[in-house]
Amino acid sequence: VDIELWKMGDKQLNAFLEGFKRLIESKQGRISDTFITKNFCLLRAHLNSEILDEILILREIALIDRPPKPYLELKVLGTPLEDVEIGSPPDRNATAIAVLDSGIFSNQPLLSNAVGHAISTATLKTTRIKEDSPQDDVGHGTQVAGIALYGDVKECLEKKTLNPELWILSAKVMYGERNPITGDLDPKYDEEELLEHQFEKAVKYFAENYPNCRIVNLSLGDETKTMFGNRRQFNLATLVDELAKELQLIFVVSAGNLNHFNEKGFPDSYPRYLIENTHDVKIIDPASSALAITVGSIAQEYGPSDQNPGDLAYSPAQTHYPSPFTRVGPGYKGMIKPELVEVGGNIIASGYAQDIGGKIMTVNPRWVQEARLFSLVSGTSFAAAKISHFAAKLYNRYPHYSCNLIKALLLASAKIPHERPEPLNEIDFKQSDADLGKLLFVYGYGKANFDFASSSDDSRVCLIAENAILPDSVHLYYFDLPEEFIEQAGSRT
């Protein structure tokens, strides 16, 4: 179990931990990991029922919970590669994205030129686990890395060129465990070490050893912990905020997948179940992080594939509608979450099967077994990876900008799509906060536009000032308008 202690003074905490450890060990239990930050104290403990009954009454304990379990929806499909040119490795100083996930296949032909380093969090600690290979057992991390590296893989394939401009750093925090019934490798976290502890060491390892590491992609979460009501912030989300502030990194986090959309009445109840105020559609830990960019999913250009042309293929989620599986805000204390949305796929029913027209393209972790380099996926994991790609490309162009400025450029470039389902299409910014919240907690600030975030043009100018400002103060900036703007009649923006 994971045990959280109430925050107390260092002397008091150390005294309690010493006695608590003796109590646990005297009854054949053990504490395998301890993680203390300025905001929380966590323990990973292995207990029997006698110990559990005894410690439940201790007033120093804030929470006892089972460790988190990974949730992934992984369906590997593919398309053959005919003739694609793979570019040279990126510039030595190009921006690196740290992907904390299930590991990576570094020798995947489309990734091998751009993998800077791959580790397992097992190599960063002294306690042993089953294995410490950084190789991807599950496949999810490799697929996330493909979109983080290339952005729109389908567009790259259409151009017949995949030219990596970024570096990928991989930290394996999920391990494959053989399912005795199905024989599949199911994702699992380390049983000995706290997930928060693994995250901190992996992020600090990359930040200290790779100065070009500016982005951390987290396409994972704990679906048992949803941000609902006015409850306190989650520990993993709090840790993300601590690391973002301390290390000046941009964290990009997926909103989480709603895997039970059929139980919510999909397709008939779409999109009503997304705007109903129920806990089981809300963003999950660590998507509620205040300083991270949280990313939800929208559907790509609508149109079923031609796999079964005689079937009736249909989805209520048209182009740029919320993906049926995306999760929604608000975040902690009513924050606008997710901040951004990006294409992450759709759910398209075709006859008796799910049609692949709802998928987006990425690299295939099973390229040897399936003899094809690409696979098709869907999920907020991949929407988040594309925003990581945008942020890293902005850093490539403006390496001296702060992480706050890069985030501001991305958010300022975003627009809520005009194509929206009822009743979201009836909401505008003139309506009440309650109605507007239904729109913002699904779309956030909208879909980012990399061209708008990265440059100005003759008729669209982005003005930038980075400064410090006191509370309740105002800064005024002056600039000259061109004569054509002043003298021309009619509406001007």
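Restricted to the stretch 1-29, and to residues there that are closer than 11 Å to LEU194 by Cβ and of a type outside the set (Val, Ile, Thr), the residue that is surrounded by the most Cβ atoms within 10 Å (Cβ to Cβ) is ASP2.
Restrict the check to the stretch 452-475 and report whether at least one residue is among the hydrophobic types (A, V, I, L, M, F, W, C), modelled with pLDDT of 90 or more and open to solvent by less than 20 Å² (accessible area, probe 1.4 Å). Yes, that holds for at least one residue. Among the residues of the stretch 415-438, is any over 20 Å from ALA244 (Cα atoms) and within 19 Å of the chain's Cα centre (by Cα)? No, the stretch 415-438 contains no residue that is over 20 Å from ALA244 (Cα atoms) and within 19 Å of the chain's Cα centre (by Cα).
Restricting the stretch 408-424 to residues that are more than 23 Å from GLU165 (Cβ to Cβ) and out of contact with any Phe, Trp or Tyr (no Cβ under 9 Å at 6 or more places or on another chain), the residue that is most open to solvent (accessible area, probe 1.4 Å) is HIS418.
Selection within the stretch 365-384: residues that are in contact with a Pro (Cβ under 9 Å, 6 or more places away or on another chain) and either part of a strand (DSSP E or B) or of a type outside the set (A, V, I, L, M) (or both). The member of this set that is modelled with the highest pLDDT is THR380.
Do we find that LEU440 is more than 16 Å from SER455 (Cβ to Cβ), open to solvent by 10 Å² or more (accessible area, probe 1.4 Å) and not in a loop (DSSP other than H, G, I, E, B) in this structure?
Values: more than 16 Å from SER455 (Cβ to Cβ): yes; open to solvent by 10 Å² or more (accessible area, probe 1.4 Å): yes; not in a loop (DSSP other than H, G, I, E, B): yes.
Yes.
Would a scan of the stretch 14-33 turn up a residue that is in contact (Cβ under 8 Å) with a residue 24 or more places away in the chain and under 22 Å from ARG232 (Cα atoms)? No, the stretch 14-33 has no match at all. Total residues in the stretch 234-254 satisfying the condition of being part of a loop (DSSP other than H, G, I, E, B) and of a type in the set (A, V, I, L, M, F, W, C): the figure is 2.
Taken over the stretch 30-56, the criterion of being surrounded by 19 or more Cβ atoms within 10 Å (Cβ to Cβ) and not hydrophobic (A, V, I, L, M, F, W, C) is satisfied by ASP33, ARG44. In the stretch 188-213, the residues that are within 26 Å of ALA94 (Cβ to Cβ) reach residues that are among the hydroxyl-bearing types (Ser, Thr, Tyr) and at pLDDT 95 or above with C-beta atoms within less than 9 angstrom, at least six apart or across chains, in these pairs: ASN212/THR95; ASN212/TYR395; CYS213/THR95.
Every residue in the stretch 182-191 that is modelled with pLDDT of 85 or more and surrounded by fewer than 17 Cβ atoms within 10 Å (Cβ to Cβ), please. Outline the logic, then answer.
Initial filter on the stretch 182-191 (modelled with pLDDT of 85 or more): 188-191.
Matches in the stretch 182-191: GLU191 only.
Any residue at all in the stretch 384-407 that's over 14 Å from the mean Cα position of the chain (by Cα), open to solvent by 10 Å² or more (accessible area, probe 1.4 Å) and over 21 Å from ALA98 (Cα atoms)? Within the stretch 384-407, not a single residue is over 14 Å from the mean Cα position of the chain (by Cα), open to solvent by 10 Å² or more (accessible area, probe 1.4 Å) and over 21 Å from ALA98 (Cα atoms). Filtered by the rule that a residue be open to solvent by 30 Å² or more (accessible area, probe 1.4 Å), in contact with a helix residue (DSSP H, G or I) (Cβ under 7 Å, 6 or more places away or on another chain) and modelled with pLDDT of 85 or more, the stretch 266-313 gives ILE275, ALA290, LEU291.
Among the residues of the stretch 385-436, those that are of a type in the set (S, T, N, Q), outside any loop (DSSP other than H, G, I, E, B) and touching a residue at least 60 places away in the same chain (Cβ under 8 Å) comprise SER388, ASN396, ASN404.
Taking the residues in the stretch 203-233 that are at pLDDT 95 or above, within 16 Å of the chain's Cα centre (by Cα) and outside any strand (DSSP E or B) as candidates, determine which candidate is surrounded by the most Cβ atoms within 10 Å (Cβ to Cβ).
Let us first name the residues in the stretch 203-233 that are at pLDDT 95 or above, namely 203-219.
Restricting the remaining residues to those that are within 16 Å of the chain's Cα centre (by Cα) gives 203, 214-219.
When the remaining residues are screened for being outside any strand (DSSP E or B), the result is 203, 219.
Values: VAL203: 24, SER219: 30.
Per the criteria, the residue is SER219.
Candidates are the residues of the stretch 329-364 that are part of a loop (DSSP other than H, G, I, E, B) and closer than 30 Å to PRO109 by Cβ; the one that is modelled with the lowest pLDDT is ASP355.
The values are calculated or read from the model by the stated rules, or taken from the named source; none is laboratory data. Owing to the predicted nature of the structure, the values given are computational and were not obtained by experimental measurement. Cβ sites come from the backbone with ideal geometry, for glycine too, and all protein chains shown count toward neighbours. When the accessible area is computed, the model is the full protein with side chains, heavy atoms only, and any ligands, DNA or RNA have been set aside. Shrake-Rupley method; radii C 1.70, N 1.55, O 1.52, S 1.80 Å.
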